[in-house]
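Novice: Below is the structure I would like to discuss, written out as C-alpha cells.
The values are calculated or read from the model by the stated rules, or taken from the named source; none is laboratory data. These numbers come from a predicted model, not from an experiment. Reconstructed Cβ throughout: ideal geometry from the backbone, glycine too, with neighbour counts over all protein chains shown. Heavy atoms of the whole protein, side chains included, go into the accessibility calculation; ligands, DNA and RNA do not. Shrake-Rupley method; radii C 1.70, N 1.55, O 1.52, S 1.80 Å.
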Amino acid sequence: MTILKWALIFLLVSIVAGVLGFTGISAASADIARFLFYVFVAIFLVLLILGLTIFRA
C-alpha cells in the first residue's frame with residue numbers, strides 16, 4: 001500500500017503544480033505517479049497469480 005500512497009501523493013502534487021502553472025514540475029510528478037501506479041499494479045497481479053496457484057496448497 002505504500003507504493004500506491006506515494007503514487008497518489010505525486011498525483012496530487014502534479015495537479016496542484018498544474019493549477020499553479022508549474023508545468024515542468026507537474027509533468028515530472030505525473031510521470032512518477034504513473035510509474036509508481038504501474039509498479040503497484042504489476043506487484044498486485046504477480047501476488048494475485050501466486051495466491052491463486054502456488055500458495056493455494
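Novice: For region 1-44, what are the residues that are out of contact with any Gly (no Cβ under 6 Å at 6 or more places or on another chain), assigned to a helix (DSSP H, G or I), open to solvent by less than 60 Å² (accessible area, probe 1.4 Å) and not hydrophobic (A, V, I, L, M, F, W, C)?
Specialist: 14, 18, 24, 29
Novice: Turning to a different aspect of this structure: Within region 45-54, can one find any residue that is surrounded by 12 or more Cβ atoms within 10 Å (Cβ to Cβ) and free of Cβ contacts under 8 Å to residues at least 40 places away in the same chain?
Specialist: no
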